[in-house]
1. Check Ala40: other-chain or 5+ apart residues with amide H under 5 Å from its amide H, H built from backbone geometry?
2. With the Cα gyration tensor of segment 2-83 in hand, give its eigenvalues times 5 under a square root as the equivalent ellipsoid semi-axes, listed largest first in whole angstrom.
3. Note the full-extension length gain between Gln25 and Trp65 as 0.36 nm times their separation in residues minus their Cα-Cα distance, in nm to one decimal.
4. Rank the residues Met1, Met42, Met61 as a footprinting-exposure proxy: fewest other Cβ atoms within 10 Å of their Cβ go first.
Amino acid sequence: MMRILSWVLRVFVFFALFAFALNNQQDVEIHWFFGRNWHAPMVIVVLIVFALGCAFGVLAMVPAWWRQMREAQREAQKILQQDRPSAVNTPYPPDGL
């Protein structure tokens with residue numbers, strides 16, 4: 001049941017975006033600096049702005065991801081060192097020597 005609901009939602013989103021694209025085919029003019037202009041369909045402009053926003057969001061998260069990875073590696077090192085028996089604390093040699 002959940003799988004069917006998921007596919008119905010996907011189809012709905014696809015058709016909603018497709019209808020949005022069909023309804024916004026008019027050309028828009030983007031005014032840049034120094035008198036530069038760019039003519040493109042509105043759908044293309046919206047798609048480019050959306051993609052740039054996603055890329056900016058991912059790039060903004062990279063430092064936090066790196067910090068979390070370093071912290072996780074430190075914690076893993078602490079756990080590994082706690083599990084290892086040290087030679088100073090063992091009163092007798094391990095078996096097999």
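Taken together, the values in this text are just the output of simple stated rules run on the coordinates, not laboratory data. All values derive from a computational prediction rather than experimental measurement. We place every Cβ from the backbone using ideal geometry, glycine too, and count neighbours over all the protein chains shown.
1. Val28, Ile30
2. Numbers: eigenvalues 365, 130, 4 Å².
Output for segment 2-83: semi-axes of 43, 25, 4 Å.
3. 10.5 nm
4. On the way: Met1 5, Met42 15, Met61 10.
Fewest-to-most Cβ neighbours within 10 Å comes out as Met1, Met61, Met42.
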